[in-house]
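Input: a single structure, listed below in structure tokens.
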Amino acid sequence: MSKQTRILRANAAAIAEAAGVLRAGGLAAFPTETVYGLGARADDPRAVASLYAAKGRPSFNPLIAHVRDIDIAKRLGSFSDAAISLAGALWPGPLTLVVKAEKDCAVCELARAGLDTVAIRMPAHEVARALLAAVDFPIVAPSANRSGHVSPTTAQHVADDLSGKIDLILDDGASKGGIESAIVDFSGGTPRLLRSGGIARAEIEEITGPLAAVSKHEISAPGMMTSHYAPRARLRLDVASVNADEALLAFGSRHLEGVRNARKVLNLSPAGDLTEAASNLYAYLRELDASGARAIAVAPVPGEGLGEAIRDRLSRAAAPK
Ligand code: TXA
Ligand code: MG
């Protein structure tokens, strides 16, 4: 059954309307400082089931619960002192914590994929915060794209992927961060970085100390599945030259052989700025994909700071589907 998806400029009236949609068990996409999220009320398994269906997301892949403050977070999961320190320092912001779920956790089991842990994030974006303030439940929100596809950084990207499947999209322009939250797992011993993201590892480690490594084969964050964030075109990474019939995703000012052959060229950041590159990454992947090129050649991006998350997403987008 197809829904009439409305895109509303995110003013107070539209936010109230989105809150009403969520309250009634519907699906509303909203901007965050990382990427656009697809929201459903976390305490309603029917709403969560329809969210999985709209995205085509395997239901063994758990969701992040978004909350408006740390007290609500503490009702959902059990926070160690270390977890509280990290949240206290970096929330609101592009950081998700995985903790053991409390017994009466308001995030339903389906949203947690049956795990005994829960992923929680307090977003910084004004519209996300206003939406959370307007409801009395946590909002689960995966990135608002078809499962496996590139994450959305504009309302139009959301509409391109999910029009007809969701009720409403709050439009507040392009996401500033452009790359998903970093996920730190506090549910075991030493905290681990499950997903690099919008806060650089070094900034987190300043507070937590060295984060433990996660094995390549670990699937506790299925967003870590190898093929993910993928455009249609094949990606070729760390190229030194561009082949005929390829589009080029450039970075910085380094000259590459064969640039003239490129079907289309977009530069993540001509100045070599990783924050700018993160914010452009997904929109540029979508745009180069739409050029119809057979493959997208990607210039080398350094791995420090936000470059760790950028390289992570690029290698997943390049993985065989
Ligand atoms: O920036 C973000 O985090 C965005 C915005 C909308 O907030 N959300 C987002 O959600 O990226 P999603 O669903 O695309 O990615 C959530 C990731 C998945 O990789 C999932 O496996 C992992 O979080 N995750 C959720 N709950 C988990 C848990 N209990 N243990 C381990 N990983 C978990
Ligand atoms: Mg996602």
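Among what's in segment 60-80 and is assigned to a helix (DSSP H, G or I) and farther than 10 Å from Val107 by Cα, pick the residue that is most open to solvent (accessible area, probe 1.4 Å).
Residue satisfying both the conditions and the ranking: Arg75.
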(message) With touching a residue at least 40 places away in the same chain (Cβ under 8 Å) and out of contact with any strand residue (DSSP E or B) (no Cβ under 6 Å at 6 or more places or on another chain) as the only criterion, which of Gly20, Gly39, Gly93, Gly25 stands out?
(response) Gly93
(request) Scan (1) within 27 Å of Arg146 (Cβ to Cβ); (2) in contact (Cβ under 8 Å) with a residue 60 or more places away in the chain; (3) assigned to a loop (DSSP other than H, G, I, E, B) for the single condition Gly292 breaks and write down its number. (result) (2)
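Taking Leu97 as the residue in question, decide whether it is farther than 18 Å from Arg146 by Cβ, open to solvent by less than 10 Å² (accessible area, probe 1.4 Å) and not basic (Lys, Arg).
Values: farther than 18 Å from Arg146 by Cβ: yes; open to solvent by less than 10 Å² (accessible area, probe 1.4 Å): yes; not basic (Lys, Arg): yes.
Against the criterion (farther than 18 Å from Arg146 by Cβ, open to solvent by less than 10 Å² (accessible area, probe 1.4 Å) and not basic (Lys, Arg)), Leu97 qualifies.
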(request) With respect to Ala106, determine if the residue is open to solvent by 10 Å² or more (accessible area, probe 1.4 Å), among the aliphatic types (A, V, I, L, M), part of a loop (DSSP other than H, G, I, E, B) and away from ligand 1 (no atom under 11 Å from the Cβ). (result) yes
(message) Name the single residue that is nearest to His149 (Cα to Cα) among those in segment 45-59 being of a type outside the set (A, V, I, L, M, F, W, C) and part of a helix (DSSP H, G or I).
(response) Lys55
(message) I'm told Leu27 meets every condition in (1) of a type outside the set (Lys, Arg); (2) more than 16 Å from ligand 2 (Cβ to nearest atom); (3) crowded, with 23+ Cβ neighbours inside 10 Å except one. Can you identify the failing condition by its number?
(response) (2)
(request) Considering only residues that are assigned to a loop (DSSP other than H, G, I, E, B) and open to solvent by less than 60 Å² (accessible area, probe 1.4 Å), look in segment 226-236 and name the one that is modelled with the lowest pLDDT. (result) Ser227
(request) Could you look through segment 162-174, keep only residues that are open to solvent by less than 10 Å² (accessible area, probe 1.4 Å) and within 15 Å of ligand 1 (Cβ to nearest atom), and pick out the one that is nearest to Arg46 (Cα to Cα)? (result) Ile166
(message) Being surrounded by fewer than 23 Cβ atoms within 10 Å (Cβ to Cβ) and within 10 Å of ligand 1 (Cβ to nearest atom) is the filter here; which residues of segment 126-151 pass it?
(response) Ser147
(request) Please identify the pairs in which a residue from segment 121-135 that is under 22 Å from Ile84 (Cα atoms) has its Cβ atom under 8 Å from the Cβ atom of a residue that is of a type in the set (Ser, Thr, Tyr) and surrounded by 19 or more Cβ atoms within 10 Å (Cβ to Cβ), counting only partners at least 6 apart or on another chain. (result) Arg121/Thr96; Arg121/Ser181; Pro123/Thr32; Pro123/Thr34; Ala124/Thr32; His125/Thr32; Ala128/Thr32
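The values are calculated or read from the model by the stated rules, or taken from the named source; none is laboratory data. Because the structure is a prediction, the values reported are computed rather than measured. Glycine gets a Cβ as well: all are built from the backbone with ideal geometry, and neighbour counts include every protein chain shown. Side chains are part of the model used for accessible areas, which takes the heavy atoms of the whole protein and leaves out ligands, DNA and RNA. Shrake-Rupley method; radii C 1.70, N 1.55, O 1.52, S 1.80 Å.
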